[in-house]
Structure formats: C-alpha cells, structure tokens
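Below is one structure; the comments refer to it alone.
Only the coordinates and a few stated rules stand behind these numbers; no lab work does. Keep in mind it's a predicted model, so treat the numbers as computed, not measured. Cβ: placed from backbone, ideal geometry, glycine included. Neighbour counts: every protein chain shown.
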Amino acid sequence: MDSSVTSTELTATATGTPRIPGPATPYQGDIARYWDGEARPVNLRLGDVDGLYHHHYGIGAVDHAALGAPEDSESEKKLIAELHRLESAQADLLLGHLGDIGRDDTLLDAGCGRGGSMVMAHHRFGCKVEGVTLSAKQADFANNRARELRIEDRVRARVCNMLATPLETGQAAASWNNESTMYVDLHDLFAEHSRVLKVGGRYVTITGCWNPRYGQPSKWVSQINAHFECNIHSRREYLRAMADNRLVPQAVVDLTPDTLPYWELRATSSLVTGIEEAFINAYRDGSFQYVLIAADRV
Ligand SMILES: C[S@@+](CC[C@H](N)C(=O)[O-])C[C@H]1O[C@@H](n2cnc3c(N)ncnc32)[C@H](O)[C@@H]1O
C-alpha cells in the first residue's frame, strides 16, 4: 500500500472492498504486510468450525468431556472445536459489555481482523457494524463472509488506520478493540474512539497488558512483542490514556485465570505456533495480564 496517499477518497479492491488509505507510518505498513500474509492454521482451521474467523485468544474452562480420548480418531477435530468455542466465548464476553445496543445503532470494531466479532455483534444486536483493519486481505475476507451471510448491508470492513477512521463524530453507540491496541499509541487511539463515540456510549477492549506490579515488561512480554511485531502496553497506560480522553472505566476484569486453560490446551495441540510457552510463563509469573476494560464515554 502507498503510505504517501493522503486523500480520504474511497477506492475498491478487486473484490469490491471499500478501501481508504490505511498505513500512515512505515510501521503500519509492516503491520499491514504481516496481516496480509497471515494464514496460520490456528486461526483458519478454528474459523472453519462455524464460519466465525477470529484472531484472538480464548477464555473459560475446557470441557474435557468434549475432547474425548487421545486415541479417538476425531480427537484433533474435537480439540479445534473446543479452542474455537473458547475464542468465541471471549468475543461474547466483550460484546456483553457494550451496553444496550439497538438495531439502529452503529458499532465500530477497531482492528477487526477477519470479522468474526463483527458478525457476532450483528447477530446479537441486529445493528450495523463498521470494521477497520490495515490488511486488505482481512477486509476482503470479512466482506466476503458478510456477503455469504447476506448481511453485507449491515456489516462491512474497510482498509483504514483506526487512529483516523472514516466514521463521523459521535456516530458510534459503542466501539471496541479486540486484541488490537498493542499496535498503536493509546492516547491517539482513545482520542479517536472518544471522537466517534456518542456521549454515553461504551468502549470495550480485551487485551494483554504488562503488569505494573511486576515492574517493567518481563522477558516473556518482550518475546511476545518480538513475535507479533507489537508493543504491549501496561495496565497503568490504559487507565491513564482513557482518563485523558473522556473514557471512564466502568469495569476492569482480570481474565488471566480464565485464559490460561485455553493456552494450556493449545500448547498440547498440533497447531502450536511457538509462542505458547511465553504466554503461559508470562501469565504464571504475574508479569502479564489478560484484561477486559469497559469504559463510558462521558
Ligand atoms: C490480533 S488481530 C485482532 C483481530 C480481531 N480484532 C479479532 O479479534 O479477531 C489485530 C488486528 O489489528 C489490526 N490493526 C493493527 N494496527 C491497526 C491500525 N493502526 N489500524 C487499523 N487496524 C489495525 C490488524 O490489521 C489486525 O486486523
């Protein structure tokens, strides 16, 4: 993508995905390329289970009865279905914190990936959902899924920088980041959410953050940053950047104990990517936390 483009005029990709200039910095260009090239089985095979494609992790207790015995010829399939159930449970929890959303409302999914959370939001509330991602491949994928589900008039993804979205001021009843805040400066991000949210609207994020009680990012956190080319923020930075941008926390939930079973199960699967040990160690030594923060736009 051409990072020198400054016009906000809409163009379209080969598959008709509305596209506006995305990356504004060389780093964002790297992230766009990363997600354009991403096709890990741990994401795609889980999405194939029911057509909801996520790029985030899971929460909740593992249903060992659903996994069956290791010698079961279907055991791999059952494990994939169980990991997918846990990642959809994560998105369900996030959506449950968005407040009362009606059919006429518009929601913003900032860093929407392949669109699994957007589809779930539309099915739950009947509302419109606008998603933005730096990756043209992801936006095409999400829009193709919306067309297959015949909800393309209600759910759409655009290639765009979430720090400067095409949404109008006050247009969104609620907005969220599902594991996508570690790619941006939090003050810039929350300024944009604050702009697009109506007063009284709700913002929700689920994210990994380093724990200020530990002191500084641990070696495991640094390993995760290098693996994903991202910059994990501390819990303190989230709360400070929200406070500076008219976002007042309504709930802060530590999901660390709820996400460990997902990682421990994933580490036993054939879908391992090599980063599982870093996540498990970081959560266990207290240097890293998986949190949900819901905030009111005041
Ligand atoms: C880990 S994936 C999460 C995807 C999705 N939220 C989900 O839960 O499946 C991170 C996403 O953040 C997006 N992203 C990162 N930086 C961005 C930016 N500056 N503007 C828009 N999207 C961005 C990536 O393109 C990718 O879609």
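Worth a mention:
- In sequence order, the stretch 149-161 has phi-based couplings of 8, 6, 10, 5, 7, 10, 10, 9, 10, 10, 7, 5, 7 Hz under the Karplus curve 6.51 cos²θ - 1.76 cosθ + 1.60, θ = phi - 60°, and Gly or Pro positions carry x.
- Estimated vicinal HN-Hα couplings, Hz - the stretch 283-297 in sequence order (Karplus 6.51, -1.76, 1.60; Gly, Pro = x): 5, 6, 8, x, 7, 9, 10, 9, 10, 10, 10, 10, 9, 8, 7
- Counting neighbouring beta carbons within 10 Å and listing from fewest to most, the residues TRP176, TRP220, TRP210 come out as TRP220, TRP210, TRP176.
- Set of the stretch 44-65 residues, backbone N closer than 16 Å to the point 7 Å along the Cα-Cβ line of GLU76: 44-49
- Extension gain from ARG124 to ASP36, taking 0.36 nm per residue of separation minus the Cα-Cα distance: 28.8 nm
- Under the Karplus curve 6.51 cos²θ - 1.76 cosθ + 1.60, θ = phi - 60°, whole-Hz ³J(HN,Hα) for the stretch 203-215, x wherever Gly or Pro sits: 10, 9, 10, 10, 7, x, 9, 7, 8, x, 5, 6, x
- Over the chain: helical MRE at 222 nm, DSSP H runs n ≥ 4 each giving -39500 (n - 2.57), nearest 500: -11500 deg cm²/dmol
- Efficiency of FRET from Cβ geometry, VAL298 and ALA65, R₀ 51 Å, rounded to 0.05: 0.65
- With only the Cα atoms considered, the stretch 68-118 has a convex hull volume of 105 Å³ per residue.
- Compactness of the chain was expressed as the Cα radius of gyration divided by 2.2 N^0.38 Å, which yields 0.96.
- GLY170 long-range amide H proximity, modeled H, under 5 Å: VAL196, LEU197
- Value of relative contact order over the chain, rounded to a whole percent, pairs C-alpha under 8 Å and six or more apart: 19
- Share of pairwise Cα separations in the stretch 206-298, more than 23 Å, in percent: 27
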